[in-house]
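The values are calculated or read from the model by the stated rules, or taken from the named source; none is laboratory data. This one's a predicted model, so the numbers in the text were calculated from it and none came from an experiment. Cβ sites come from the backbone with ideal geometry, for glycine too, and all protein chains shown count toward neighbours. The protein model used for the area step is the full one, side chains on, heavy atoms only, and it has no ligands, DNA or RNA in it. Shrake-Rupley method; radii C 1.70, N 1.55, O 1.52, S 1.80 Å.
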Amino acid sequence: MNGFLSLWPDRASAYAAQLDTLLAGFTVVIVLLSAPVFILIVVFAIKYRRGRPANRKHPVTRNVWLEISWSIVPFVLMLCFYVWATKLFFDLHHPPADALEIDVVAKQWMWKFQHPGGQREINELHVPIDQPVRLTMASQDVIHSLYIPALRMKQDVVPGRYTDMWFKAGKPGTYLLTCAEFCGTQHARMGGHLIAMSQADYARWLEASTTDLTLAAQGAELFRSRGCSGCHGPSATVHAPNLAGIYGKPVPLEDGQVVTANDQYIRDSILLPQQQIAAGYPHIMPSFQNVLGEDDVLKLIAYIKSLSDTGEGSPNREGASK
Amino acid sequence: MTSDHMVDAASHPAQPGIAETAEERVSYLRAGHTLGSWLFTSDHKRIAILYFISVTFFFFVGGAAATLMRADLLTPQADLLSDEGYNRAFTLHGVIMVWFFLIPSIPNTFGNFLVPLMIGARDLAFPRLNLLSWYIYMLGGLFTIYVLIAGGVDTGWTFYTPLSSMFANGNVVLAATAVFIVGFSSILTGLNFIVTIHKLRAPGMTWGRLPLFIWSLYATSLILVLATPILSVTLALIAAERLFGIGVFNPSLGGDPLLYQHLFWFYSHPAVYIMVLPALGVVSELVAAAARKPVFGYQFVAGSSIAIAAIGFLVWGHHMFVAGQSAYASAIFSFLSLAVAVPSGIKVYNWTATLYKGQISLDPPFLFAMSFIGLFVVGGLTGVILAMLAVDVHVHDTYFVVAHFHYIMVGGTVSAYFGALHYWWPKIIGRRYSLAWGRLSAALIFLGFNLTFFPQFLLGYLGMPRRYHVYPPEFQVLHVLSTAGASILGVAYLLPFTYLFYSMRYGKPAGANPWEATGLEWSIPSPPPKHNFAERPTVTRAPYDYTIEYEESDD
């Protein structure tokens, strides 16, 4: 992060070190595969320079076995690295169940973060080290991409769907956080910092930035003020699904499909309610597309999730939504 | 006459222009002197020249945008361009370089000129369609120039939705129209080449005797015809969403932004091979002529062009590893992307083997060919790095990608374009140029190129995102190196146009075959007569049948 010229990026996690090892190993292989080409071109250009005497008898113009071997051998070598890189990639797509959940909302041109305790920050993300963190990300407008070079990770943030990313920082520090997908005029300025802190420091930071309400409680507030409770609440007269305990459960739809009530389903039901209608209910839910922002929707999801957590034997906690 | 006897024309500056030769008097160049005789020609050779002038113009327009960007990147702050200005500069740079230079560059200039000459034909199958294709290209070009004057467009050449369809402020629909129009030019040229190569080969010019440049153009034409319509449809959908609010890609209208990326890359990845396959064909020709030997493993080299074209249609998803597509799809696309590297590897190893026991010339075209091989290897192997899933998660959308595709597109295709220009110039114009200046240009381009783009690999791995003109100060040293390289490169690209232009009047007559190369195009006078061949040639020998030494001959 500092200094006049750096030639290797910071490493903020064990994963970053693994990826660097992979790249170093692969670089050795491709240098070995390409060195003969570079060396032989120069050697041949000198040795067989036109007009220079050399043994040019019996030049070969084809050798099928040689050609097959230089097709197959490099490919097999690369396949070993393919397996390694694919394994690391799949690990990135399987967040551990005990991850700390943080919501990310990207918009032109800022990053908003919401912690489960209700703390909110802009362009700065505080996380504890040695604790898996899972980001659930939504975009308010165009495609963005959250990129933290020190973690060797990025993930596009796509409007209309949640994407996620998880990491475990291993070293306290302040690291660059940027937008990697071109998102309009101030794309180059859409950045900030990841601040990785020891668990004790993080606890202190949470304490200092605590708001009155947790994220779920803020969602409950919205649930009442936006009128959701009018239909979905316990004493509602309108025929609408009761949302208590619904999170993570299968929902039969009108067209016969069965979907899981995960983050994406709940989001779509709020913003695009006519897309998937729960079986047996009338088509009366209005769209909240122009009323609620992505950060509000994430709060409502946190609230609906919390309704399941309090219920008896709630089967689905964090991490089960994807 | 060997190249060693070529007189350095530049060393006699006081010498008056060399008088018109007998060959020139009857050549295509003198068959009509009016502007109309050029603008309404259906001669493939003249249309090639029209294309040469137009793509060279756009090359320098696109280059001017690059110059502005590199100058702005000298410092971490925005001091030359505004945010908006920088975004418009890189968008125009991309749009112009991809669609108005790289895609038409080799096929429409050297392909147009050489396809009939190499297969022994009078012209392309549809000469007037060929001219129409140039007019369509120019119409698209005029739209682009209008976009430039009207203030530009700020979406990046990729036109990602919903940024392009709902949010961007620039002339998106006009720019998309320009690309939509120029697509038809590509389709017509591809169609023309396919029919010509199938139907107009001279007697005896079997598929196994086709020059490798023709094989690679054939593969390119297949992609042009099959992939370009997808792009046209996709751009039309963007316009529909932007103008009429029809929800295709925008999620708030019920669309899917990733659908756009699938459609766009389904065209644009094969388009990468449209840009590089003709260059691979040129280099096969140059390597054989440089070594005066048959290309090692002709069948493998020819077959690898077709394999690249075929597999190239199945790898588009490697642009979307972090876009939110399924991890399983990503794993398959990653595997296929490794597979497409195999035929490229075959070509490189076979070229190297061709040089073994050759009679290697280091004249300008061959220097360009050898620097092509070096840069293409670096570009190709860094492409394989990018195909590795976990690595791509880190370097996707950084300068690493920028460096990678410039090694392929600029180090590769542009080097091959200049190699082709230096190789066939004596055939096209009928005059020799200064070999010393040619060697100097080749060396400067190689140096300037590496200095410009190698530091960008480091920048990318350090985490410098692309399309940023303000950046953290620790990246500055590498950016300064890159800009320094770009200024060498800029001068080096201008240089050939001076001595080549000079040679048109002051160069010595080239003779029919200045490089003593094989191939039908060298069997006719330079510049070629209007009707190419006095009588239809009959081919009886294999391609690249240079005399090679056997047992009892002495050195």
Test for A:ALA240: is it open to solvent by 20 Å² or more (accessible area, probe 1.4 Å) and either assigned by TED's automatic domain parsing to the domain that holds A:PRO116 or among the acidic types (Asp, Glu) (or both): no
Hey, does the stretch A:65-86 have a residue that's among the charged types (D, E, K, R) and either surrounded by fewer than 17 Cβ atoms within 10 Å (Cβ to Cβ) or in a loop (DSSP other than H, G, I, E, B) (or both)? no
Kindly indicate the residue of the stretch B:334-388 that is assigned to a loop (DSSP other than H, G, I, E, B), of a type outside the set (Gly, Ala, Ser) and facing chain A (nearest Cβ under 7 Å) and also surrounded by the most Cβ atoms within 10 Å (Cβ to Cβ) among those meeting that condition. B:MET388
Check off (1) touching a residue at least 24 places away in the same chain (Cβ under 8 Å); (2) under 22 Å from the mean Cα position of the chain (by Cα); (3) open to solvent by 40 Å² or more (accessible area, probe 1.4 Å) for B:PHE313 and give me the number that stays unchecked. (3)
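Wholly within the stretch A:187-280, which helices (runs of 4 or more DSSP H) include no fewer than the required count, namely at least 3 residues that are within 14 Å of chain B (Cβ to nearest Cβ)?
Working: elements: A:199-208, A:215-225, A:228-232, A:263-271.
Those helices (runs of 4 or more DSSP H) span A:263-271.
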Might you let me know whether the stretch A:167-183 holds any residue that is under 20 Å from B:ASP83 (Cα atoms), in contact with an Asp or Glu (Cβ under 6 Å, 6 or more places away or on another chain) and part of a loop (DSSP other than H, G, I, E, B)? yes
Does the stretch B:462-470 include one or more residues that are within 11 Å of another protein chain (Cβ to nearest Cβ), of a type in the set (Gly, Ala, Ser) and in contact (Cβ under 8 Å) with a residue 40 or more places away in the chain? yes
Here is a check on your reading of the model: is B:THR518 within 14 Å of chain A (Cβ to nearest Cβ), closer than 21 Å to B:MET370 by Cα and β-branched (Val, Ile, Thr)? yes
Of residues in the stretch B:164-187 being of a type in the set (A, V, I, L, M, F, W, C) and in contact with a Pro (Cβ under 9 Å, 6 or more places away or on another chain), the one least open to solvent (accessible area, probe 1.4 Å): B:VAL182
I'm trying to understand the selection: among the residues of the stretch A:20-49, which are in contact (Cβ under 8 Å) with a residue 40 or more places away in the chain and in contact with a strand residue (DSSP E or B) (Cβ under 9 Å, 6 or more places away or on another chain)? none
Expected single match for hydrophobic (A, V, I, L, M, F, W, C) and closer than 30 Å to A:GLU221 by Cα among A:ILE129, A:ILE143 is A:ILE143
Yes/no for B:ASP545 being open to solvent by less than 60 Å² (accessible area, probe 1.4 Å), at pLDDT below 90 and among the charged types (D, E, K, R): yes
Filtering the stretch B:188-204 down to residues that are of a type outside the set (A, V, I, L, M) and open to solvent by 40 Å² or more (accessible area, probe 1.4 Å) yields B:HIS198, B:LYS199, B:ARG201, B:PRO203
Among the numbered criteria (1) more than 7 Å from every other protein chain (Cβ to nearest Cβ); (2) under 21 Å from the mean Cα position of the chain (by Cα); (3) among the aromatic types (Phe, Trp, Tyr), which one does A:TRP65 miss? (2)
Taking interchain pairs and intrachain pairs at least six residues apart, which have beta carbon atoms under 8 angstrom, with the first residue in the stretch B:174-203 and farther than 30 Å from B:LEU235 by Cα and the second crowded, with 20+ Cβ neighbours inside 10 Å and among the aromatic types (Phe, Trp, Tyr)? B:ILE197/B:TYR218
All positions within the stretch B:245-301 that are surrounded by fewer than 21 Cβ atoms within 10 Å (Cβ to Cβ), in a helix (DSSP H, G or I) and within 14 Å of another protein chain (Cβ to nearest Cβ): B:SER252, B:LEU253, B:LEU258, B:LEU259, B:HIS262, B:GLN299
